[in-house]
Amino acid sequence: MVSSSSPLGRATRHSTGHSTGHSTGHSTGHSTGRLAGAVEAYTAQTAALADWLDELPDEVFSGASVLPGWDVRTLVGHVVLVHHGFARALATRSAQQPLPAHRYVANYRRDVEAIEARTRETTGDRSPRELTDRLRAPVAVPDGVTDRTVLDASRGPVTALDWVATRVVDLVTHCDDLSRSLPDRDPVPLHRHALAVAVRTLAQLLADRVPGRSVELRVPPFVAVQAVQGPRHTRGTPPNVVETDPLTWLRLATGRAGFAGEAAAGRVSATGPRSDLAPYLPLLS
């Protein structure tokens with residue numbers, strides 16, 4: 001995912017929920033290019049989430065979240081776990097060939113029990129304020145880390161660029177989980193660049209996992225990719241087109257929503273005989 005259509009490509013004209021949040025003391029160190037942009041997106045979204053959590057009364061944290069078996073406090077504890085692992089992995093190195101991002105995230109399901117245990121350990125008996133303070137802990141990218149630096153991450157060797165991009169996916173997804181867990185409150189503001197990185201990363205995961213040129217997925221204004229084997233088109237409107245909005249695509253790709261249900265509700269437009277993406281989703285959960 002390092003081409004011009006990568007998740008960390010140039011900015012787009014999206015106006016959804018831009019938020020910069022308060023300063024958290026985060027630093028991108030000496031990282032450059034797309035990696036630096038992805039780190040900035042991550043830190044801005046983390047700041048927006050921490051500010052949102054600060055406004056919640058303590059009693060809501062004991063309520064159930066939309067993720068089975070987790071209350072809101074445990075969900076926040078999981079985001080803290082992701083945050084602590086973010087910088088820790090950037091300090092590692094691997095001599096192995098990096099896994100493609102779509103293979104790296106496939107290992108989530110393999111390690112689901114370990115992730116659950118570490119989430120419970122991180123959450124412990126910490127208060128909501130203690131967890132939020134940990135979320136504000138600064139992160140820095142070590143000197144010398146570039147887009148293609150290979151890290152020894154928790155699910156295998158992966159490039160720094162893919163590592164950070166998948167962390168942004170986790171963060172934005174769980175911000176949406178928190179918003180859906182507390183529907184009577186204003187949602188967590190989604191930073192424009194963080195949402196863009198998440199949407200583009202997930203679209204590229206689909207294209208890499210199910211390569212082909214018979215279906216075009218469009219998620220305006222952020223990305224369009226082609227995927228799925230079959231007859232290809234070379235000009236004009238593709239015969240199979242799927243189009244949806246960024247938040248719906250995020251939920252489809254992460255197993256928060258089903259393709260048929262979102263299409264029936266009008267949030268997904270799918271035209272052509274090969275436009276049903278249900279067999280290929282979710283990409284991670």
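The values are calculated or read from the model by the stated rules, or taken from the named source; none is laboratory data. Computed from a predicted structure; not experimentally measured. A quick note on method: Cβ atoms are made from the backbone with ideal geometry, for glycine too, and the neighbour counts reach across all protein chains shown. Protein only, heavy atoms only, side chains kept; ligands, DNA and RNA dropped before computing areas. Shrake-Rupley method; radii C 1.70, N 1.55, O 1.52, S 1.80 Å.
Brief remarks on what is shown
For every residue, the table says whether it meets (1) assigned to a strand (DSSP E or B); (2) surrounded by 21 or more Cβ atoms within 10 Å (Cβ to Cβ); (3) free of Cβ contacts under 8 Å to residues at least 60 places away in the same chain.
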site: R167; (1), (2), (3): no, yes, no
site: L171; (1), (2), (3): no, yes, no
site: R180; (1), (2), (3): no, no, no
site: P183; (1), (2), (3): no, no, yes
site: V197; (1), (2), (3): no, yes, no
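- Of the set (1) assigned to a strand (DSSP E or B); (2) open to solvent by less than 30 Å² (accessible area, probe 1.4 Å); (3) not hydroxyl-bearing (S, T, Y), all apply to A203 but (1).
- Scanning the range 206-221 for residues that are touching a residue at least 60 places away in the same chain (Cβ under 8 Å), open to solvent by 20 Å² or more (accessible area, probe 1.4 Å) and over 20 Å from A101 (Cα atoms) yields a single hit, P221.
- Filter pass, G63 being at pLDDT 95 or above and open to solvent by less than 40 Å² (accessible area, probe 1.4 Å): yes
- When the range 185-195 is limited to residues that are open to solvent by 10 Å² or more (accessible area, probe 1.4 Å) and part of a loop (DSSP other than H, G, I, E, B), the one that is nearest to E40 (Cα to Cα) turns out to be H191.
- When the strands (runs of 3 or more DSSP E) confined to the range 208-285 are screened for residues that are in contact with a Pro (Cβ under 9 Å, 6 or more places away or on another chain), those reaching at least 3 such residues are found at 215-219, 223-227.
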